[in-house]
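One structure is given here, and the rest of the page talks about it.
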Amino acid sequence: MSLLTIIVAALFYFAAVIFLTGVLYRVWLYAKVPAPLKIATTPAPVTRWGVVLRMFREVFFFESLFKSNKLLWILAALFHYGLALVLFRHLRYFLDPVPLVVQLAQPFGKYASFAMIIGLLGLWARRFLIDRVRYITAPSDHLMLALLVLIGLSGALTTFVAHTDIVALKQFTMGLLTFDLKPLPGDPLLVIHLLLVATLMIVFPYSKLLHGVGVFFSPTRNMVDNPREQRHVASWARKLELEEENS
Amino acid sequence: MAKANFEVPEITGVTEVPPIQPDSMAHLETFRAKPEFMEALGFPGEMPEDWKEKAIEAMGDMLKKYRSFQVFLDSCVKCGACTDKCHYFLGTADPKNMPVARQDLLRKVYRRYFTLAGKFFPKLVGAVDLTEEVLHDWYNYYHQCSQCRRCSVFCPYGIDTAEISMAAREIMDRIGVGDKYCNEIIGKVFRIGNNLGLPEPALADTLEGLEEDVYDDTGVKVRYPLDEKGAEILLVTPSADFFAEPHVDGLMGYGKVFHEAGVSWTLSSYASEAANFGMFIGSYENMRKVSLRIRKAAIDLGVKRIIFGECGHAWRVAYAFLNTLAGPFDFLDPKYPVPQHILEFTWEQIQAGKLKLDPSANDDMVVTFHDSCNVARATRMGDKPGGQFEIPRNVIKAVCNNYVDMPDGTIREATFCCGGGGGLLTDDLMELRVKGAKPRMDALKAATEEHGVTHMAAICAICKSQFTKVIPYYGFDMDQIVSVHQLVSNAIILTGQNEGGEEEESEEDAA
Ligand code: SF4
Ligand code: SF4
């Protein structure tokens with residue numbers, strides 16, 4: 001087993017642990033903090049089911065962003081849908097046999113990386129061209145975009161230019177999953193791609209990438225508009241009431 | 001046109017997004033509350049030595065109590081979708097008035113003290129230590145946010161800058177840094193029962209005067225009762241309704257509607273205020289204390305229903321928070337939602353055919369409607385989402401023949417704040433109030449030019465006060481602002497009313 005294989009494998013295990021614990025910690029934290037008041041942004045659904053639909057539109061169609069800014073919506077959609085397809089295509093490295101849908105998505109998945117990169121470059125350009133967006137941009141915003149663009153580019157290059165030994169790669173990824181290490185093809189582009197992805201996984205829980213978790217917990221979006229019908233009291237607020245009754 | 005010692009923006013009918021002008025509003029700092037007023041609300045009177053530690057501690061406490069605060073501070077991706085949505089940014093061009101930048105004033109401190117990235121790589125993620133300068137920015141710019149929630153409509157994660165502003169004000173109050181306007185007013189509510197400090201005799205006097213006015217106008221004895229035990233309905237209305245113009249014309253209207261509906265009702269001198277500035281300063285405890293007065297009044301007077309008069313943030317606290325803060329209201333009649341909005345009541349009466357209306361009484365006006373931010377984006381009327389837009393319009397259309405909307409994108413959920421909400425309705429913030437009204441003024445101008453609009457109806461005491469004060473800066477006339485129930489009042493024909501005895505005053509105003 002080459003040193004490279006061991007390093008990359010170790011890094012991936014480390015990244016996976018950080019990613020999972022980090023995200024789970026955030027989920028736990030958000031779930032634990034009470035929302036003491038009903039603050040849905042109205043008009044809001046009056047039933048739980050309506051809220052599920054609202055959230056669905058928000059997560060899959062970026063409804064609010066669409067209302068806000070069409071160009072930004074297009075760029076965000078290019079990037080996120082592109083990324084989703086690319087990730088879906090990557091399932092073929094982790095499933096054996098490869099399910100039919102993943103096989104069918106293969107040709108789209110390949111080109112989705114272009115959509116993803118174009119979207120990212122567009123988002124990046126806004127950070128230079130629009131004075132308001134330039135004003136709110138921190139160095140980390142540029143770094144995050146750079147990281148994502150590089151991941152996209154290195155991935156696309158291994159697919160379209162410097163082909164990787166897919167069979168060996170799959171043996172490696174399956175080996176990671178089954179804790180039975182197999183050698184990683186020592187292809188520089190591939191190694192770069194993997195290192196960048198591991199970096200992304202590590203920074204994810206500590207950065208704004210957390211928005212992917214936050215959106216589900218956003219009280220203005222996930223609360224049912226029924227304050228008159230159902231009394232809503234947080235645990236710490238209940239204590240205020242009890243203290244009074246006892247005093 | 002009113003005079004100003006600052007530049008009044010020019011209105012064109014279309015609100016353009018201005019190029020940013022950093023620090024253009026950095027000079028505007030609202031007056032600080034005196035120690036006695038801070039202490040009355042349970043806050044320290046002065047800044048303690050260790051104010052930094054105390055502020056960080058307060059922030060940590062809020063993070064544990066408010067999911068919105070925690071999630072919103074973490075989730076922003078700096079996409080910029082909200083940057084052109086705030087009326088204060090559009091009117092002042094100060095980039096710190098962009099919602100995301102306003103949040104960042106707090107977020108950068110949160111990052112520094114509460115996140116790994118900010119602890120280890122502050123420069124990289126824009127995290128900073130809490131310093132006097134930062135605090136100064138907090139004070140200035142969190143008092144340049146009217147908590148109108150327009151930004152939250154457009155943010156892909158629903159980040160509501162209002163929540164951040166409220167939390168920021170609470171954090172500042174906890175280190176003895178509070179603003180005079182809000183905190184003094186809350187103190188008045190605790191001492192006297194309303195924001196204006198009107199004691200019971202003054203209220204009784206005013207209401208008696210109203211009864212006389214209505215009698216002179218119509219020949220009908222419409223009652224405006226105060227503290228009447230056993231009445232069916234407790235009306236809680238903003239205290240501005242007792243004397244400010246055009247608010248009081250709305251109050252006359254409520255009385256006429258109740259009269260024609262044949263229900264008994266009363267005001268309470270103990271809970272003579274619908275407004276609840278506890279929300280503006282983000283203080284759950286103070287908001288709750290103010291709300292509990294309404295519960296107590298309802299119990300003491302033995303009423304069966306609670307109805308709120310025309311007020312924006314008051315309706316938010318009433319509709320969305322009252323049940324939480326002062327409930328359960330199981331002692332009231334379960335047939336009716338608690339509380340109800342006066343427009344819900346009036347619209348029901350109109351639908352039931354209980355009111356005799358003559359819309360031609362308002363024929364001298366072409367009316368448009370200003371959706372109040374809190375009503376539009378934080379509450380509902382009726383049982384369907386969006387009832388808060390339809391019911392006021394339905395009522396207006398039932399009492400006016402000429403109604404038109406202002407341009408899309410400036411009404412309903414995208415409505416622009418009047419510029420004076422969120423506890424900013426004070427003269428020392430006049431520059432902000434005038435500039436912040438610009439987007440609404442643009443829309444009004446467009447409606448005026450396209451449809452000949454003569455009057456803008458509002459359902460919020462703050463909107464009404466703010467508009468009557470600032471629209472003269474833009475070349476409009478203060479009499480162009482009307483209460484929705486003033487329109488109702490004009491059109492209603494009371495049973496047994498004198499022929500030709502309809503009210504004349506608004507017609508004179510319009511001429
Ligand atoms: S729209 Fe939301 S996520 Fe985007 S910059 Fe504004 S607050 Fe942040
Ligand atoms: S809540 Fe309203 S005033 Fe405050 S930042 Fe958002 S849009 Fe501006």
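The values are calculated or read from the model by the stated rules, or taken from the named source; none is laboratory data. Just so it is clear, the model here is predicted, and its values are computed rather than measured. Positions of Cβ are backbone-derived with ideal geometry, glycine not excepted, and every protein chain shown enters the neighbour counts. Surface areas here come from the heavy atoms of the whole protein model, side chains and all, with no ligands, DNA or RNA. Shrake-Rupley method; radii C 1.70, N 1.55, O 1.52, S 1.80 Å.
Being assigned to a helix (DSSP H, G or I), within 14 Å of another protein chain (Cβ to nearest Cβ) and either surrounded by 24 or more Cβ atoms within 10 Å (Cβ to Cβ) or away from ligand 2 (no atom under 16 Å from the Cβ) (or both) is the requirement here; does B:Met172 meet it? Spelling it out, it is not the case that B:Met172 is assigned to a helix (DSSP H, G or I), within 14 Å of another protein chain (Cβ to nearest Cβ) and either surrounded by 24 or more Cβ atoms within 10 Å (Cβ to Cβ) or away from ligand 2 (no atom under 16 Å from the Cβ) (or both). Yes or no: region B:13-28 includes at least one residue that is over 22 Å from B:Gln147 (Cα atoms) and open to solvent by less than 80 Å² (accessible area, probe 1.4 Å). Yes, because at least one residue in region B:13-28 is over 22 Å from B:Gln147 (Cα atoms) and open to solvent by less than 80 Å² (accessible area, probe 1.4 Å).
Let's see how each residue does on (1) more than 11 Å from chain B (Cβ to nearest Cβ); (2) among the hydroxyl-bearing types (Ser, Thr, Tyr); (3) in contact with an Asp or Glu (Cβ under 8 Å, 6 or more places away or on another chain):
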residue	(1), (2), (3)
A:Ala16	yes, no, no
A:Leu20	yes, no, no
A:Ile39	no, no, yes
A:Thr42	no, yes, yes
A:Pro45	no, no, yes
A:Arg48	yes, no, no
A:Leu53	yes, no, no
A:Glu58	no, no, no
A:Glu63	no, no, no
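Only one of the listed residues (A:Phe128, A:Phe108) is open to solvent by 70 Å² or more (accessible area, probe 1.4 Å), within 13 Å of chain B (Cβ to nearest Cβ), away from ligand 2 (no atom under 16 Å from the Cβ) and within 24 Å of A:Leu72 (Cα to Cα). That residue is A:Phe128.
Are any of the residues in region B:402-415 open to solvent by 10 Å² or more (accessible area, probe 1.4 Å), within 16 Å of ligand 1 (Cβ to nearest atom) and within 11 Å of chain A (Cβ to nearest Cβ)? Checked region B:402-415: at least one residue is open to solvent by 10 Å² or more (accessible area, probe 1.4 Å), within 16 Å of ligand 1 (Cβ to nearest atom) and within 11 Å of chain A (Cβ to nearest Cβ). The set of residues in region B:104-138 that are at pLDDT below 95 and in contact with a Gly (Cβ under 6 Å, 6 or more places away or on another chain) contains only B:Val125.
The conditions of being open to solvent by less than 10 Å² (accessible area, probe 1.4 Å) and either farther than 23 Å from A:Ser235 by Cα or within 16 Å of ligand 1 (Cβ to nearest atom) (or both) are not met by A:Thr21. When residues in region A:67-97 are screened for being within 20 Å of A:Phe160 (Cβ to Cβ) and surrounded by 14 or more Cβ atoms within 10 Å (Cβ to Cβ), 14 of them pass. Annotation note: Cβ proximity below 7 Å between a residue of region B:58-70 that is over 20 Å from A:Arg221 (Cβ atoms) and a residue that is part of a helix (DSSP H, G or I) and among the β-branched types (Val, Ile, Thr) (sequence gap 6+ or interchain) occurs for B:Ala58/B:Ile171; B:Met59/B:Ile171; B:Met62/B:Ile171. Every condition in (1) at positive phi; (2) surrounded by fewer than 19 Cβ atoms within 10 Å (Cβ to Cβ); (3) aromatic (Phe, Trp, Tyr) holds for A:Phe62 except the one numbered (2).
Go through (1) touching a residue at least 24 places away in the same chain (Cβ under 8 Å); (2) more than 10 Å from every other protein chain (Cβ to nearest Cβ); (3) more than 30 Å from A:Val233 (Cβ to Cβ) one by one and return the number of the condition B:Lys96 breaks. Result: B:Lys96 fails condition (2) only. Condition first: open to solvent by less than 10 Å² (accessible area, probe 1.4 Å), at pLDDT 95 or above and in a loop (DSSP other than H, G, I, E, B). Can you find one or more residues in region B:429-437 that meet it? So far as region B:429-437 goes, yes, one or more of its residues are open to solvent by less than 10 Å² (accessible area, probe 1.4 Å), at pLDDT 95 or above and in a loop (DSSP other than H, G, I, E, B). Only residues that are surrounded by 20 or more Cβ atoms within 10 Å (Cβ to Cβ) and not in a loop (DSSP other than H, G, I, E, B) were counted across region A:216-247, and they come to 5.
Would you check which residues across region B:338-378 are within 11 Å of chain A (Cβ to nearest Cβ) and in a loop (DSSP other than H, G, I, E, B) and list them? B:Val338, B:Pro339, listed by residue number. Consider region B:379-401 and keep the residues that are of a type in the set (Val, Ile, Thr) and under 25 Å from A:Gln230 (Cα atoms). The one that is farthest from the other protein chains (Cβ to nearest Cβ) is B:Ile391.
Within region B:332-348, the set of residues being in contact with a Gly (Cβ under 9 Å, 6 or more places away or on another chain) and among the aromatic types (Phe, Trp, Tyr) comprises B:Trp347 only.
Let's see how each residue does on (1) closer than 30 Å to A:Ala237 by Cβ; (2) crowded, with 22+ Cβ neighbours inside 10 Å:
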position: B:Asp333; (1), (2): yes, no
position: B:His341; (1), (2): yes, yes
position: B:Gln349; (1), (2): no, no
position: B:Ala352; (1), (2): no, no
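Within region B:381-401, the set of residues being basic (Lys, Arg) and open to solvent by 10 Å² or more (accessible area, probe 1.4 Å) comprises B:Lys384, B:Lys397.
Taking every residue in region B:233-251 that is closer than 17 Å to B:Gly197 by Cβ and pairing it with any residue that is among the basic types (Lys, Arg), at least 6 positions away or on another chain, the pairs with Cβ-Cβ distances below 7 Å are B:His247/B:Lys464.
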